[in-house]
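I have placed the structure first, in the form of structure tokens, so that the comments after it can refer back to it.
The values are calculated or read from the model by the stated rules, or taken from the named source; none is laboratory data. For clarity, every value in this text was computed on a predicted model and none was experimentally measured. Here the Cβ is made from the backbone with ideal geometry for all residues, glycine too, and neighbour counts use every protein chain on show. All accessible areas refer to the heavy atoms of the entire protein, side chains included, with ligands and DNA or RNA removed. Shrake-Rupley method; radii C 1.70, N 1.55, O 1.52, S 1.80 Å.
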Amino acid sequence: MDEDFDIPAAEEMNDDMDLPDESPILKVGEEKEIGKQGLKKKLVKEGEGWDTPENGDEVEVHYTGTLLDGTQFDSSRDRGTPFKFTLGQGQVIKGWDQGIKTMKKGENAIFTIPPELAYGESGSSTTIPPNATLQFDVELLSWTSVKDICKDGAIFKKIVTEGDKWENPKDLDEVFVKYEARLEDGTLVAKSDGVEFTVKEDYFCPALAKAVKTMKKGEKVILTVKPQYGFGEKGKPASGEEGAVPPNATLEITLELVSWKTVTEVTDDKKVIKKILKEGEGYERPNEGAVVKLKLIGKLQDGTVFLKKGHGEGEDLFEFKTDDEQVIEGLDRAVTTMKKGEVALLTIHSDYAFGSSESSQELAVVPPNSTVYYEVELESFVKDKESWDMNTEEKIEAAGKKKEEGNVLFKAGKYARASKRYEKAAKYIEYDSSFGEEEKKQAKTLKVTCNLNNAACKLKLKDYKEAEKLCTKVLDIQSKNVKALYRRAQAYIHLADLDLAEFDIKKALEIDPDNRDVKLEYRTLKEKMKEYNKKEAKFYGNMFARMNKLEALETNKATKEAEPMSIDSKA
């Protein structure tokens, strides 16, 4: 555009401007209003795909501007040079900012722009008169996406090369990047042809970590970084090959995300960490009870190898069944998160490894309280048969087997593992609508037993809410099941629902008056109720005492206010 017609903002953009929420759906030749301020759009040629530019994006257009009588006042086409500007930043008239954000790449449209969204009462130069309605024939050639990463205007990201797929690195991941950082005048202050760092630990300046979390593999961007995400008010002195950054300096950083290693927390307490060295195939992972085959190297923190399996020529792969206590818990749980062909490095805290005891392994002794490291390659696995792949007979048989495994674990004091067995057993026979009558009876018996046993596990694990739910499931099937009433009463006592606990205990004693366990629990409940009543009496006693004290204070205050003022006769 000529200098006089650089589509300047007619005035500062109003904060309450009525922006369109979405692009109008138009057919070629059709015209519609955009928003509620009189802006109209007529589609001349459809664009490609579905994407449209957003505020902050750098757009490139060809256009021809005319008055309503057809008088042309400007044209980028005549000059042979496309016009570039940043959308939504007030660099052009409001009608352009509003209209062009509804266009797709390659689209051609005619915008009719009222004076309020153009040059208003003043017009522009001698060519656009005051209060003129304008028409622009615009073709959106392309745009470069520019994102305000932190939504505070302090890091703008302009995508130079699009990345692959859709995943972005997370805080724990280790990213490999190339970057180049310059001051606004072009002075180079830092450069790397390849560096690896953990996202949450930052590198060079905070902007790099913020930016990589929004990037895809292979993506290349240019960052405009304000001081708060650069080096702030103090700047940075020169160090080694890195140049100095002055105080309050804005940086321009070219950044490429070459690759990254995904790091995940296998356990909620962050004591088993998995870093993927090589991605696996597909989506399938081993389930509980799967038979897995893998290559394995186990090391101590100092690098001492204490176990090596499946790496020698002709050596069999290391094989075990998951969730069967055949290996340490950390390895067991991590393997169930892996895909076939995946290679991962595991960091396993002693709580999930060999604990506080010394353990003699194949190649070395693991000292007490050792964190151990495993490099694992999952070669293959055979999943334990899922319930949907079983016929009725197989489901009942599998449920019975899991129940027995749960019983063994419960007796060994392994309540969490036993609970999982009972849960799985119950799931096998959860839906029995297709079962025959005899099979339904068997399934009902198993459901009752598994849910009751699982409730006992939950009580041991102090998960009283879940214990109550499991007992209620049993009582829905057998309303006079004394064990279910007894265990639910125990859960209610711990949940401080003493009235409900008393109701269940009384009902259990009605059914089985001589049940010793229920009688003992009733005695416990009565003690709890006495204790509760004492606390309640004390609470209300204290409350009433405080209220009486406050009333006395208020009365004294009122009495004093009612007394006549005393006058000193000597005054």
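Looking at the calculated P(r) for segment 371-483, what percent of the C-alpha pair distances fall above 22 Å?
On the way: 2565 of 6328 pairs.
Result for the distance tail: 41 percent.
Based on the Kirkwood radius over alpha-carbon pairs, what value in µm²/s does the Stokes-Einstein equation return for the translational diffusion coefficient of segment 61-172 at 20 °C and 1.002 mPa s?
On the way: Rh = 16.2 Å.
My calculation gives 132 µm²/s for D.
Considering only DSSP states other than H, G, I, E and B, which GluC sites (Glu not before Pro) in segment 314-392 qualify as loop sites with at most 11 other Cβ atoms within 10 Å? Spell out each step's value before the answer.
On the way: sites: GLU315, GLU319, GLU325, GLU329, GLU342, GLU358, GLU362, GLU375, GLU377, GLU379, GLU386; in loops: GLU315, GLU325, GLU342, GLU358, GLU362, GLU386.
Passing both the DSSP loop test and the Cβ count: GLU315, GLU362.
In the structure displayed, which of LYS480/LYS507; LYS480/LYS526; LYS447/LYS507; LYS178/LYS213; LYS32/LYS104 lie more than 18 Å apart, Cα to Cα? Spell out each step's value before the answer.
Numbers: LYS480/LYS507 8 Å; LYS480/LYS526 23 Å; LYS447/LYS507 22 Å; LYS178/LYS213 15 Å; LYS32/LYS104 16 Å.
Flagged as over cut-off: LYS480/LYS526; LYS447/LYS507.
Cross-link list LYS216/LYS309; LYS427/LYS483; LYS101/LYS200; LYS157/LYS234; LYS27/LYS216; LYS217/LYS340: which exceed 28 angstrom alpha carbon to alpha carbon? Working shown, then result.
Values: LYS216/LYS309 36 Å; LYS427/LYS483 21 Å; LYS101/LYS200 35 Å; LYS157/LYS234 24 Å; LYS27/LYS216 35 Å; LYS217/LYS340 22 Å.
As for pairs spanning more than 28 Å Cα to Cα, those are LYS216/LYS309; LYS101/LYS200; LYS27/LYS216.
For helix 437-460, report the angle its Cα long axis makes with the longest principal axis of the Cα atoms of the chain; keep it between 0 and 90° and round to the nearest 10°.
Around 80 degrees separate the two axes.
Could you look at segment 210-258 and say what percent of its accessible area is carbon and sulfur, using a 1.4 Å probe and all protein chains?
Numbers: 1180 of 2480 Å².
Heavy-atom surface of segment 210-258 belonging to carbon and sulfur, 1.4 Å probe: 47 percent.
LYS84 to LYS293: FRET efficiency via 1/(1 + (r/R0)^6), r the Cβ-Cβ distance, R0 60 Å, to the nearest 0.05? Could you put the intermediate results ahead of the total?
Numbers: r = 58 Å, r/R0 = 0.97.
E(calc), rounded to 0.05, equals 0.55.
Give the angle, between 0 and 90 degrees and rounded to the nearest 10, that separates the Cα long axis of helix 415-428 from the longest principal axis of the Cα atoms of the chain.
In the chain, helix 415-428 runs at an angle near 80 degrees to the longest axis.
Considering all projection directions equally, how large on average is the shadow of the alpha-carbon convex hull of segment 41-95, in square nanometres?
Working: hull surface 19.6 nm².
Its average projected convex-hull area is 4.9 nm².
Compute the distance from the alpha-carbon center of segment 282-337 to that of segment 219-274, in whole Å.
36
Using Cα positions and a limit of under 12 Å, work out the aspartates and glutamates in reach of LYS440, with same-chain residues fewer than 8 apart set aside.
GLU393, GLU430, ASP432
Which order, highest average first, do 195-201, 398-404 follow once you tally other Cβ atoms within 10 Å for each residue and take the mean per peptide? Could you put the intermediate results ahead of the total?
Values: 195-201: 14.9, 398-404: 19.3.
With the highest mean Cβ count within 10 Å placed first, the list reads 398-404, 195-201.
With a 1.4 Å probe and every protein chain left in place, work out the accessible area per residue of the chain in Å², rounded to a whole number.
Details: 32570 Å² over 571 residues.
Computed with neighbouring chains in place, this is 57 Å² per residue.
Can you tell me how much longer the chain between ARG182 and THR445 gets when fully stretched, taken as 0.36 nm per residue apart minus their C-alpha distance, in nm with one decimal?
Working: separation 263, 0.36 × 263 = 94.68 nm, distance 7.33 nm.
Gain on stretching ARG182 to THR445: 87.3 nm.
Given only helices, namely DSSP H runs of n ≥ 4 each adding -39500 (n - 2.57), what is the per-residue ellipticity at 222 nm of the chain, to the nearest 500 deg cm²/dmol? Display every interim value, and only then the final one.
Details: 11 runs with 171 residues, N = 571.
Calculated from helices alone, the mean residue ellipticity at 222 nm is -10000 deg cm²/dmol.
List the chymotrypsin sites (Phe, Trp or Tyr not before Pro) within segment 421-512 that fall in a DSSP loop (any state other than H, G, I, E or B) and whose Cβ has at most 15 other Cβ atoms within 10 Å. Please report the intermediate quantities before stating the final value.
Details: sites: TYR422, TYR428, TYR431, PHE435, TYR464, TYR486, TYR492, PHE503; in loops: TYR431, PHE435.
When the chymotrypsin sites (Phe, Trp or Tyr not before Pro) of segment 421-512 are filtered for loop state and at most 15 Cβ neighbours within 10 Å, TYR431 remain.
FRET efficiency for GLU48 and ILE477, Cβ-Cβ distance as r, R0 = 45 Å, nearest 0.05?
On the way: r = 61 Å, r/R0 = 1.35.
The value I calculate is 0.15.
Among 106-114, 176-184, how do they line up from the highest to the lowest mean number of other beta-carbon atoms within 10 Å?
On the way: 106-114: 20.1, 176-184: 17.6.
With the highest mean Cβ count within 10 Å placed first, the list reads 106-114, 176-184.
Can you bin every Cα-Cα distance in segment 231-343 into 5 Å intervals starting at zero and give me the percent of pairs per bin, rounded to whole numbers?
Values per bin, smallest distances first: 2, 9, 13, 17, 15, 8, 6, 7, 7, 8, 6, 3, 0.
What FRET efficiency, computed as 1/(1 + (r/R0)^6) with R0 = 56 Å and r the Cβ-Cβ distance, is obtained for VAL365 and GLU31, rounded to the nearest 0.05? Mind showing how you got there, number by number?
Working: r = 83 Å, r/R0 = 1.47.
Plugging the Cβ-Cβ distance into 1/(1 + (r/R0)^6) gives 0.10.
For helix 516-562, report the angle its Cα long axis makes with the longest principal axis of the Cα atoms of the chain; keep it between 0 and 90° and round to the nearest 10°.
Tilt of helix 516-562: around 50 degrees.
Take LYS234 and LEU67, extend 7 Å from each Cα along the Cα→Cβ direction, and tell me the distance between the two endpoints in nm.
Using points 7 Å along Cα→Cβ, the separation is 6.2 nm.
Going by Cα centres, segment 450-486 and segment 380-406 are how many Å apart?
After rounding, the separation between the Cα centres reads 23 Å.
How large, in percent, is the carbon and sulfur part of the accessible surface of segment 86-197 at a probe radius of 1.4 Å?
Working: 2260 of 4970 Å².
Looking at segment 86-197 in its full context, I get 45 percent from C and S.
Give the Kirkwood hydrodynamic radius (Å, one decimal) of segment 164-235, defined as one over the mean of 1/r across all pairs of different Cα atoms. Before the final figure, lay out each step's value.
On the way: mean 1/r = 0.0769 Å⁻¹.
13.0 Å is the Kirkwood radius here.
Hey, what's the Cα Rg ratio for segment 165-306 versus the globular rule of thumb, 2.2 N^0.38 Å?
Working: Rg = 19.3 Å, N = 142, 2.2 N^0.38 = 14.5 Å.
Rg over 2.2 N^0.38 Å, computed on Cα atoms: 1.33.
At 7 Å along Cα-to-Cβ for each site, give me the label-to-label distance between LYS309 and MET529 in nm.
Modelled inter-label distance: 5.7 nm.
Starting with the highest mean, order 67-79, 36-48 by the number of other Cβ atoms within 10 Å, averaged over the residues of each peptide. Could you put the intermediate results ahead of the total?
Numbers: 67-79: 13.4, 36-48: 16.2.
Taking the mean over residues of other Cβ atoms within 10 Å, the ranking is 36-48, 67-79.
State the percent of C-alpha pairs, over all pairs in the chain, separated by a distance greater than 47 angstrom.
Working: 81759 of 162735 pairs.
Tail fraction, whole percent: 50.
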